[in-house]
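Colleague: Okay, here's the structure, questions in a sec.
The values are calculated or read from the model by the stated rules, or taken from the named source; none is laboratory data. Predicted, not measured: the structure shown is a model, and the values here were computed from it. Glycine gets a Cβ as well: all are built from the backbone with ideal geometry, and neighbour counts include every protein chain shown.
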2 protein chains.
Amino acid sequence: MALIVQKFGGTSVGSIERIEQVADKVKKFREQGTDLVVVLSAMSGETNRLIDLAKQITDKPEPRELDVIVSTGEQVTIALLSMALMKRGVPAVSYTGNQVRILTDSAHNKARILQIDDQKIRADLKAGRVVVVAGFQGVDEHGNITTLGRGGSDTTGVALAAALKADECQIYTDVDGVYTTDPRVVPQAQRLEKITFEEMLEMASLGSKVLQIRSVEFAGKYNVPLRVLHSFKEGPGTLITIDEEESMEQPIISGIAFNRDEAKLTIRGVPDTPGVAFKILGPISAANIEVDMIVQNVSHDNTTDFTFTVHRNEYEKALSVLENTAREIGAREVIGDIKIAKVSIVGVGMRSHAGVASRMFEALAKESINIQMISTSEIKVSVVIEEKYLELAVRALHTAFELDAPARQGE
Amino acid sequence: MALIVQKFGGTSVGSIERIEQVADKVKKFREQGTDLVVVLSAMSGETNRLIDLAKQITDKPEPRELDVIVSTGEQVTIALLSMALMKRGVPAVSYTGNQVRILTDSAHNKARILQIDDQKIRADLKAGRVVVVAGFQGVDEHGNITTLGRGGSDTTGVALAAALKADECQIYTDVDGVYTTDPRVVPQAQRLEKITFEEMLEMASLGSKVLQIRSVEFAGKYNVPLRVLHSFKEGPGTLITIDEEESMEQPIISGIAFNRDEAKLTIRGVPDTPGVAFKILGPISAANIEVDMIVQNVSHDNTTDFTFTVHRNEYEKALSVLENTAREIGAREVIGDIKIAKVSIVGVGMRSHAGVASRMFEALAKESINIQMISTSEIKVSVVIEEKYLELAVRALHTAFELDAPARQGE
């Protein structure tokens, strides 16, 4: 019998009405003869309410105690769903992270799963019960309650699917799948039937906030087929799986990701000596600023230019660190720009297709969009452009890589 | 070092402000060098909110799942108080019933404590920590979360005090102690310094709703000195302890209890044959109606009259059951009265004093109050009177047994 792990997020269980809808959905699956483990988040808003309570006591709640409080959110939803299932004649049982037992390390508020005991769950499945598990939480070896950090319910779902060798882990969300790009920017964007873990990771980290990155990494590592679906609309969603190299018709590019959260900093006229990159980025990292793209041009007159991007919120901080560095190492000047955007094409197909980058640059050139920075990986090419051209660039690339949906009848 | 278990109820932790006040109080005790275990209820209203959530799903929530939900209430308060203590520089740690581990049977929603593991708590106390434990909850041998039923936090406190051989279990409430009678009826009512477990049981079951009966039974059984105190006012409260027979000056009567929640039913002209009491009360019990006082008069013409009291809410139901029985056994008639009240004098002192009952009857006679029923136990005499005489009776008895507080200066 097929075994599926289904994860529903906070919005999907945000009210009693919603929980009843989830119960209807789960019942339908159960009647099709599927073994089911359901992972739930807290009702939307509840985790924040609980954190607020703690914050009223102290600005810096003790992490162990914060986990004790915050973990109650899922504890409520799992019992409510179990009741709703039983009301429908579907045998069900709820388990907290401790009860399962989902063993984690002791890093409170951001714990990592070490091991999952599948005994209880297997016995319940065998007895015909739907098992409803609290997401986002676990227990350490000393019996302390831990939480996996925000979005951790996805990770719980994937980890359970891996431990139980489930046929699929379904993540129910408020979108009906992963799209070739943001439909708000490109109305012709299409839902992808299938995407690889690697592509999904590149898409997610580049701004398509459908799934928690950690859960995708986890799914890839343990090869758990992951499916993104809409909680309350019918549809096949998007399957995230390994690249089986079978798909001859696989498009070169799976999607166009973009974001406008970054800012660019350039230090110019840097004496080109060994270790200069560390001299520049060391202090940035020491200031806890995360760097995304890094570009160093070839040397010219024994000096070089060094450019990188940081999150826009950290631009001012990074600028001041960099200006200090510039004085110390005798660089000519520091310049920056926050009105930039990053656009990336992502696809495992580019591995076997030459000229993908140049096709991208051509499409941008046709629209007279100037490229400020370029960075490439095996399955991704990213460019930084002036922010105002962002939508234009995304649409041009979406068309150039033949991702546009065919016009529907009557359109 | 002295070890005290302190229990704070829902009103005492009903807001962040209140929790901060409790933290101040606990800190003060800690600074006096006392080892402390603090037992908490959920914030007032929270348990009802959680039950309401469940009731929105189903009228009859599955008991196991209801416990999963309801137990989150205390889980939140224990962590909040621990944080508040740590903010004050007092090392503290919170434990759920499962974490302690408070082992109970599997009777969800009304579980009984079987065993308490004191290892973790002892280790924490030794390390100088205040241990904050969730009241009202435990875990069964299969790891299922259980709750002890309403008011169960008192029982948790007493059970912990017994397991840890604590010097005292302090129950903080919204009254400053146990009184000789209800001060709203008798302004001269006095706070008792000390009362025995047995007296407290009689007082509690007769309407002085200060402590949960089960916790008093428990305290008596394990001889845990219990003290009732006001959460936010200073004062010694009332100590509930064993009768040490030392107190030569012990008053005969400790208090006057009363209630008006009962109704009286009489079946008259019952053929007086063996087993008639069972024939009458069997159907009442089968209908799940609890009976309080029972009086059977001596036989007269081979028939007898049989009178008992039930809760007023169950009067109509009991009446209809009794009328059926009367037809079956050929009794003459059934009469009833809901306008009655029960007044009781309670005190271990009456064991060694003859004539206590007659002194009671004399005091009532002086006020021309007719006694309808009488029932006695070793440390209690109860009478049923017409409801309208209740306050008069209580005041008369309070004076007759010398319980009135001496008039204060200026009064």
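Colleague: If I ask for residues that are closer than 21 Å to A:V76 by Cα and surrounded by fewer than 20 Cβ atoms within 10 Å (Cβ to Cβ), which ones from the range A:145-172 would you list?
Modeller: A:G149, A:R150, A:G151
Colleague: Follow-up question, since we're still on this one. Quick check on my filter: what residues within the range A:54-65 are over 28 Å from the mean Cα position of the chain (by Cα) and not in a loop (DSSP other than H, G, I, E, B)?
Modeller: A:Q56, A:I57 - these are the residues of the range A:54-65 that are over 28 Å from the mean Cα position of the chain (by Cα) and not in a loop (DSSP other than H, G, I, E, B).
Colleague: Looking at B:D243, B:D261, B:D305, B:D272, which is the one that is among the charged types (D, E, K, R) and over 30 Å from B:I340 (Cβ atoms)?
Modeller: B:D243
Colleague: Which residues, taken from the range A:250-266, are outside any strand (DSSP E or B) and either among the polar types (S, T, N, Q) or at pLDDT 80 or above (or both)?
Modeller: Result: A:Q250, A:I252, A:I253, A:S254, A:R260, A:D261.
Colleague: What are the pairs with Cβ atoms under 6 angstrom where one residue, in the range A:39-66, is at pLDDT 95 or above and the other, located anywhere, is aromatic (F, W, Y)? Sequence gap at least six, or different chains.
Modeller: Pairs found: A:L40/A:F8.
Colleague: Against the definition (among the basic types (K, R) and surrounded by 24 or more Cβ atoms within 10 Å (Cβ to Cβ)), how does A:K28 come out, yes or no?
Modeller: no
Colleague: Now, a different point. Out of the residues in the range A:14-48 meeting the condition of being under 13 Å from A:V76 (Cβ atoms), part of a helix (DSSP H, G or I) and within 24 Å of the chain's Cα centre (by Cα), tell me which one is nearest to the other protein chains (Cβ to nearest Cβ).
Modeller: This residue is A:E46.
Colleague: Can you pull out the residues in the range B:116-143 that are within 19 Å of A:Q99 (Cα to Cα) and polar (S, T, N, Q)?
Modeller: The answer is B:Q137, and nothing else.
Colleague: Failed condition for A:V90, given (1) over 29 Å from B:P91 (Cβ atoms); (2) assigned to a helix (DSSP H, G or I); (3) more than 8 Å from chain B (Cβ to nearest Cβ), with all others met?
Modeller: (2) is the only condition that A:V90 fails.
Colleague: Oh, and also: Among the residues of the range B:59-87, which ones are more than 22 Å from B:R122 (Cα to Cα), acidic (D, E) and more than 7 Å from every other protein chain (Cβ to nearest Cβ)?
Modeller: B:D59, B:D67
Colleague: Within the range B:101-121, identify whether any single residue is part of a helix (DSSP H, G or I), within 11 Å of chain A (Cβ to nearest Cβ) and at negative phi, and answer yes or no.
Modeller: Yes, some residue in the range B:101-121 is part of a helix (DSSP H, G or I), within 11 Å of chain A (Cβ to nearest Cβ) and at negative phi.
Colleague: Just to confirm my filter: which helices (runs of 4 or more DSSP H) fall fully inside the range A:136-229 and include at least 3 residues that are farther than 23 Å from A:D292 by Cβ?
Modeller: Once the helices (runs of 4 or more DSSP H) in the range A:136-229 are filtered for at least 3 residues that are farther than 23 Å from A:D292 by Cβ, what remains is A:152-163.
Colleague: Can you list residue pairs whose Cβ atoms sit under 9 Å apart, with the first residue in the range B:353-365 being under 14 Å from B:A393 (Cβ atoms) and the second being aromatic (F, W, Y)? Count only pairs 6 or more apart in sequence or on different chains.
Modeller: Qualifying pairs under 9 Å: B:R359/B:F401; B:M360/B:F401; B:A363/B:F401; B:L364/B:Y389.
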